[in-house]
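Here is the structure we will look at.
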Amino acid sequence: MLEYVSQLKVTQLTELSVSSAGMRLVKRMVGNPPMSIAQLMEATGVTRTAVTEQLGELMGGGFVERRLERLPGRGRPHHLYTATHAALLLLFPGAQQLVVPAMWTAIEEAGGEPLTRRVMIRVAHQLARHYRNRIRGRSPRKRLEQISAVLREEGALVETVVEDGRLVLRKRSCPFISMLDDKRAVCCIDEEMLSAVVGQPVRRIAYRHEGDPCCSFELANGRR
């Protein structure tokens, strides 16, 4: 599951912003064999230019893939387009708001708070393994700066700032918002993941859910 999710940009999982014209193409392609531009023109009743523009945007967002098909004999090769797994999220963007919290509730009912905590920590360390190979800094401070840059590359709204001589990582977007419950158990994933990547404890110093503009983190004990 993590391998599948890691192939998608964060923006694809959170914003899922596609025009109505793009959605018409997605709905035609999802669950159907790869289609040519001519087939999509016939199915939607729009011009080649319009279809081409929408396909370009959808491919840029990771919702559509293109492959070249060579016809038998001397026929001219042409491109075929198919919807990706990410496109399925476009059809039911609100599903996470229902299914994910239900999963966490089921875990808690099955094993109580200790099991929920163990699951969260394992998720955090799976994420840390995903990011750790891309971090080359030797000092915890440098690694905190680098994980911030990596998250930004994936589309997250993250930056590091210096406040009173301390390096603070500010996360203005949250990939776990659909998992949030009354106990905020999922909030431990950030701290655990950052600590594992940085190589020393990272603590949260500001909480979006307590009225702060965003969640912020710093190296624990002021160590660098």
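The set of residues in the range 19-60 that are touching a residue at least 60 places away in the same chain (Cβ under 8 Å) and surrounded by fewer than 18 Cβ atoms within 10 Å (Cβ to Cβ) comprises Met23, Lys27, Val30. The residues listed here are Glu145, Glu153, Glu163; of these, the one that is in contact with a Gly (Cβ under 8 Å, 6 or more places away or on another chain) and assigned by TED's automatic domain parsing to the domain that holds Pro213 is Glu145.
Residues in the range 191-211 that are surrounded by 13 or more Cβ atoms within 10 Å (Cβ to Cβ) and at pLDDT below 90 were compared, and the one that is farthest from Leu98 (Cα to Cα) is Tyr207.
Would you check which residues across the range 158-210 are part of a strand (DSSP E or B) and on the phi > 0 side of the Ramachandran plot and list them?
None - no residue of the range 158-210 is part of a strand (DSSP E or B) and on the phi > 0 side of the Ramachandran plot, so the list stays empty.
Counted as qualifying within the range 37-128 are the helices (runs of 4 or more DSSP H) with 3 or more residues that are over 30 Å from Val186 (Cα atoms), assigned by TED's automatic domain parsing to the domain that holds Met23 and under 26 Å from the mean Cα position of the chain (by Cα), namely 48-60. For the range 129-165, taking the residues that are hydroxyl-bearing (Ser, Thr, Tyr) and under 19 Å from the mean Cα position of the chain (by Cα), the one that is nearest to Gly199 (Cα to Cα) is identified as Tyr131. Condition check: touching a strand residue (DSSP E or B) at 6+ places or on another chain (Cβ under 6 Å) and closer than 12 Å to Ala21 by Cα. Does Leu80 satisfy that? When the stated conditions are applied, Leu80 does not pass them. Only residues that are of a type outside the set (Lys, Arg), without any contact (Cβ under 8 Å) to a residue 40 or more places away in the chain and out of contact with any helix residue (DSSP H, G or I) (no Cβ under 7 Å at 6 or more places or on another chain) were counted in the range 111-136, giving 4. Taking the criterion of being modelled with pLDDT of 90 or more, among the hydrophobic types (A, V, I, L, M, F, W, C) and assigned to a helix (DSSP H, G or I), would at least one residue in the range 136-145 satisfy it? Scanning the range 136-145 turns up at least one residue that is modelled with pLDDT of 90 or more, among the hydrophobic types (A, V, I, L, M, F, W, C) and assigned to a helix (DSSP H, G or I).
Which residues, counting only those in the range 188-204, are touching a residue at least 24 places away in the same chain (Cβ under 8 Å) and not small (Gly, Ala, Ser)? Listed by number, the residues that qualify are Cys188, Ile189, Asp190, Glu191, Glu192, Met193, Leu194, Val197, Val198, Gln200, Val202. For Cys214, are the conditions met, namely being without any contact (Cβ under 8 Å) to a residue 60 or more places away in the chain and touching a helix residue (DSSP H, G or I) at 6+ places or on another chain (Cβ under 8 Å)? Considered against the rule, which asks whether it is without any contact (Cβ under 8 Å) to a residue 60 or more places away in the chain and touching a helix residue (DSSP H, G or I) at 6+ places or on another chain (Cβ under 8 Å), Cys214 comes out as yes. Of all residues assigned to the range 130-139, none qualifies as being among the hydroxyl-bearing types (Ser, Thr, Tyr) and in contact with a strand residue (DSSP E or B) (Cβ under 7 Å, 6 or more places away or on another chain).
The values are calculated or read from the model by the stated rules, or taken from the named source; none is laboratory data. Predicted, not measured: the structure shown is a model, and the values here were computed from it. Glycine gets a Cβ as well: all are built from the backbone with ideal geometry, and neighbour counts include every protein chain shown.
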